[in-house]
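Read-outs throughout are calculated quantities, based only on the coordinates presented, and are distinct from any laboratory measurement. No experiment lies behind these values; they were computed from the predicted model shown. Backbone-built Cβ (ideal geometry, glycine too); neighbour counts: all protein chains shown.
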């Protein structure tokens with residue numbers, strides 16, 4: 001009896017020690033532990049992850065902080081709410097994203113993760129990887145022992161993390177604890193309906209090849225899909241806060257990353273360069289310097305070093321030759337200039353009507369320094385709306401800025417559009433005059449504060465009436481791209497744009513600048529209305545400055 005009691009007590013003590021060690025192990029992998037997610041990676045795959053892999057440790061730290069914001073909403077981690085991670089190929093980025101997905105579900109097993117990739121087959125491959133980490137596949141075929149051991153390790157610390165028996169499709173599956181689904185996925189451009197995420201929305205490798213990456217149409221379509229489909233799946237009725245993660249190598253200076261960064265200023269960007277400052281491998285434990293230099297030599301010897309810089313170094317400045325670089329254009333602050341001296345300054349505009357359905361009507365409006373020949377762009381009309389709307393937009397800008405000279409490009413119905421604009425201006429002037437007459441009748445009967453308010457309104461309306469501008473019609477026979485290339489240097493030397501801090505990212509001015517910055521020398525550009533209109537304006541008003549440039 002004594003021996004039995006002693007054996008039972010010993011067994012209980014052993015189990016108690018095991019439970020204690022298990023709890024200590026779990027604490028090292030918890031969201032609040034230093035390097036908690038990295039320790040989780042090492043626990044599941046001890047042969048693959050080593051502490052000397054410093055760049056993977058850094059990547060794990062970024063993902064852990066994304067998870068911390070998603071799970072807690074703590075302002076300390078708010079910058080990780082929207083994260084853009086640019087990493088070179090074969091880093092293990094998607095593998096670690098799969099482990100991170102499991103780590104998130106371990107912390108909140110009622111939650112859901114959405115993860116999309118460049119096509120459905122890759123998205124479902126990632127889905128299978130995550131699922132197999134949670135539960136080893138039950139099949140009569142030979143099972144990879146690594147898969148079994150990983151699922152076994154996870155079960156030892158997360159016994160409640162079990163796959164549902166009824167929702168098991170690769171495109172959408174659930175845990176037993178899920179409110180709906182735990183994981184769903186699709187290829188870019190695919191539809192996603194009836195499901196929402198709350199833990200994380202991930203876009204992993206959205207670009208398949210260089211040909212696709214350099215397609216303006218693909219980049220435009222990807223942005224539209226991202227905004228209208230991918231981002232629309234957030235479930236806002238949840239106990240967690242969620243995060244938005246894009247992980248990809250950079251392929252193009254006009255890719256999804258660039259477009260989102262131009263439009264939104266709350267992204268946190270993390271770059272992983274394969275090279276250190278001295279041209280050696282930044283992380284020899286992942287890629288040795290010898291192997292890296294061998295790969296680089298293949299790019300260099302075939303005149304494709306620009307691709308190496310983009311894919312492996314996240315440097316896209318040499319990939320595409322931008323004609324109007326953001327850092328090269330001249331800027332100004334209107335508060336530092338006196339544009340009221342009409343002896344020197346004139347307000348001018350150049351209107352280039354839309355050629356086709358997707359084209360923009362582009363009309364930069366500038367203060368023209370008649371002494372120096374320089375232009376200071378104060379406003380723009382930049383719209384794809386039909387002529388019945390844009391004619392009124394143009395007329396209102398003529399009124400607002402009291403434009404002295406307006407040039408209409410007469411190609412493609414431009415002359416007729418000019419007549420529509422002048423008719424709209426006449427209508428606006430007549431409407432203002434009629435309102436003035438009505439207010440004057442009311443003014444005779446009003447007194448005190450009411451009379452003063454009517455007087456002020458009459459003065460305001462009188463200031464809007466305007467028709468004293470000079471109109472020019474210009475028919476151009478020069479090839480559009482040739483004209484842009486010829487006069488681009490004149491724009492860079494003689495045209496000033498508003499300081500970046502003064503431009504609202506949702507304004508037509510901002511959209512105009514983005515199209516200008518995206519124009520490239522050596523490719524077919526999907527949109528060129530902004531560079532066409534501003535070079536035409538420079539040609540008309542700054543042409544005398546050409547002699548000063550040579």
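Just the number: Rg to Rh for the stretch 278-320, Cα atoms, Kirkwood Rh, two decimals.
Rg/Rh: 0.98.
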Taking Cα atoms, the helix 448-464 axis meets the longest principal axis of the chain at an angle in degrees (rounded to 10) of 90
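So if the hydrodynamic radius of the stretch 1-141 is defined as the Kirkwood radius over C-alpha pairs, what does Stokes-Einstein give as its diffusion coefficient at 4 °C and 1.567 mPa s, in µm² per second?
Numbers: Rh = 17.5 Å.
The Stokes-Einstein estimate is 74 µm²/s.
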Taking 8 Å as the Cα distance limit and 6 or more residues as the minimum spacing, I'd like the relative contact order of the stretch 330-549 as a percentage. 28
Helix 93-107 sits at what angle to the longest principal axis of the chain, using alpha carbons and giving 0 to 90 degrees rounded to 10? 70
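Can you divide the C-alpha Rg of the stretch 476-539 by 2.2 N^0.38 Å and report the result to two decimal places? Mind dumping the intermediate values first?
Details: Rg = 12.1 Å, N = 64, 2.2 N^0.38 = 10.7 Å.
Against the empirical 2.2 N^0.38 Å value, I get 1.13 for the stretch 476-539.
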Take residue 28 and residue 267, extend 7 Å from each Cα along the Cα→Cβ direction, and tell me the distance between the two endpoints in nm. 3.7
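Once you sort the root eigenvalues of the Cα gyration tensor of the stretch 330-549 as a ≥ b ≥ c, which label holds: rounded (a/c under 1.5), prolate (a/b larger than b/c) or oblate (the other case)? It would help to have the intermediate numbers written out before the result.
On the way: a/c = 2.17, a/b = 1.72, b/c = 1.26.
Note, shape of the stretch 330-549 comes out prolate.
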If you take the square roots of the eigenvalues of the alpha-carbon gyration tensor of the stretch 151-231 and sort them as a ≥ b ≥ c, do you get rounded (a/c under 1.5), prolate (a/b over b/c) or oblate? prolate
Per-residue Cβ neighbour rank within 10 angstrom, fewest leading, 431, 409: 431, 409
Determine, at each q value in 0.08, 0.10, 0.11, 0.12 (inverse angstroms), the log₁₀ of I(q)/I(0) that the Debye formula gives when each Cα of the chain is one equal point scatterer. -0.71, -0.94, -1.04, -1.14
Any idea what the alpha-carbon Rg over 2.2 N^0.38 Å comes to for the stretch 383-468? 1.36
Take the eigenvalues of the Cα gyration tensor for the stretch 53-272, scale each by 5, and report the square roots as semi-axes in whole Å, largest first. 27, 19, 18
Residue 19 versus residue 471, label points 7 Å from Cα toward the beta carbon: distance in nm? 9.0
Report the Cα centroid-to-centroid distance between the stretch 384-453 and the stretch 36-98 in angstrom, as an integer. 57
The chain, relative contact order in percent, only Cα pairs under 8 angstrom and at least six apart counted: 13
Between the stretch 116-133 and the stretch 155-216, what is the C-alpha centre distance in whole Å? 7
With everything on Cα atoms, drop me the angle between helix 387-401 and the longest principal axis of the chain, reported from 0 to 90° to the nearest 10. 70
